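Report on the structure given below.
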Amino acid sequence: MKWILAALTIGASLSTSAQVWKTLPKGVRIVGYRNVVTSKVNSNFNQFRSEKSLGGQFRVDAATLDQIPAFGGTLQQALPPEVYKNLSVGEYKVDASAQFNVQGTGFGYGITDRVMFYGEIAYYQAQVSAAIKRTKGNTYEAAADYLEQHNGGVMDATIAANLRSMIDADARTVQSFITNNYGYKPIGDWYGTGYGDMETGFMTKVVDRGVWGLMFYPGLILPTGRQDDPDILQDVGFGDGQVDVFSELATGYVFNDYVNFGTTFRYTYQTATNKELRIPSSRDFTLSSDKGQFNVKYGDKINWMVNGTFGVNDWLSFTPVYRFMYQMPSEFNSNYGQADKFLAYNTDKMEHQVQLTTTVSTIQPFLKKKFLLPAQINFNVVQTVAGKNVPKVGRFELEFRMLF
């Protein structure tokens, strides 16, 4: 659940028209508000880019038990390879879902006719449901029978008797074990609110030839958002805890008053930060009772967007949008060399989104002196259609912008 917000680009966009290189005139202000409601998130696109249940499934077997300090690898030494391979405490499924309601606000000011300052921040409400269910029982009896039939020694008979007397671990037992042995808080419903990271920067109109233009804007993403808790498996962080530095280019072309195209490209450098994290002992088994300090460098991001705006008249237009995101693998550095590799494994992300925006705007009528106030309302429908290590999520957005 720690990465689920990767697909939610929530900030209150302050673009005032479909021409992506336009900035505010000198002395003009803009305020923006966006409300985002997501669909219920039940699945994600995994490392193989296939859709998979969000909670996932896991099997507690002999190898899993050997990673617990109380066992310390003794099962592999005591059991024959065939028994060790097939011994299972049970198979389990975590039913999980999440839903978000986000309110973003932004402000912009035209410093000159070519340079505009802006800032934006979002407030999150997140609800996560998670429950452990058992899907398959143990293999104690089969393992004990195998020992008695294929070996039959006194030691094997003792081990077989011990296997038959082992506790049958239902879902509540596993929940209790995770809580008591590893120190995590119980898996269940979680609700959180808080601010996300704040974005600020300067939009600079480099070229404006009327029918086409170029904008460059550098900016920062400040770590104002709530970070996730290493003691809560199902929680969601609203920020990642470090400063990001980005640069973006935007350009487009206007065919006529009602048809234009635009595209943007952003590169984000994520600076390193220190975090307290759980120290995993395996790449595939990340539960751990130990914590340590890690220097974390999340992977840099590439974002690309292309859109086309088709106006019906001065008041109404439709804009289909395609968005692509790629995040490079993350790096972890600490005194725990193997744990660094385990945490860094499979941390790159990729996402493809489609969007349809319906815009009702009074900006052009205002400029033509046909309306009193310059404002804009957008209705956005967004869907993640493919990706890697990102949630499959849809969302509906309502945006309002006012110039004054």
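At an R0 of 51 angstrom, the distance between the Cβ atoms of PHE255 and SER97 translates into a FRET efficiency of 0.70. Once the Cα-Cα distance is subtracted from the 0.36 nm per residue extended length, the GLN67 to ARG209 segment shows a gain of 44.6 nm. Using C-alpha pairs under 8 Å with a sequence gap of at least 6, the mean separation divided by the residue count of the stretch 233-286 gives a relative contact order of 33 percent. For the chain, the relative contact order works out to 17 percent when only alpha carbon pairs closer than 8 Å and six or more residues apart are counted.
Using only the Cα atoms of the stretch 122-203, each taken as one equal point scatterer with no solvent, compute I(q) by the Debye sum, divide by I(0), and report log10 of the ratio at q = 0.11, 0.12, 0.14, 0.15 Å⁻¹. Each listed q maps to, in turn, -0.57, -0.62, -0.72, -0.77. Taken along the Cα-to-beta-carbon direction at a fixed 7 Å, the label points for MET328 and TYR267 span 0.9 nm. What the phi angles of the stretch 353-362 give under the Karplus curve with 6.51, -1.76 and 1.60, with θ = phi - 60°, is a coupling list of 10, 10, 9, 10, 10, 10, 10, 10, 10, 10 Hz, glycine and proline written as x. Between ARG49 and ASN389, the built amide H atoms are under 5 Å apart, and every one of these is 5 or more places off in sequence or on another chain. Converting phi to 3J(HN,Hα) with the Karplus coefficients 6.51, -1.76 and 1.60 and the offset θ = phi - 60°, the stretch 234-241 yields 9, 7, 10, x, 9, x, 10, x Hz in sequence order, with x at every glycine or proline.
When the helices of the chain are scored as -39500 (n - 2.57) per DSSP H run of n ≥ 4 and the total is divided over every residue, the value at 222 nm lands at -4000 deg cm²/dmol. For LEU367 and HIS150, the difference between the fully extended length at 0.36 nm per residue and the C-alpha to C-alpha distance is 69.2 nm.
Within the shell defined by Cβ-Cβ distances under 15 Å, the residues around GLY106 carry a net charge of -2, with Lys and Arg each +1 and Asp and Glu each -1.
Running Debye on the chain with equal point scatterers at the Cα sites and no solvent, what base-10 log of I(q)/I(0) appears at q = 0.13 Å⁻¹? The computed values of log10 I(q)/I(0) come out as -1.10.
Each reported figure results from applying straightforward, stated rules to the coordinates on display, with no laboratory input. These numbers come from a predicted model, not from an experiment. Don't worry about glycine lacking a Cβ; one is built from the backbone with ideal geometry, like all the others, and counts go over all protein chains shown.
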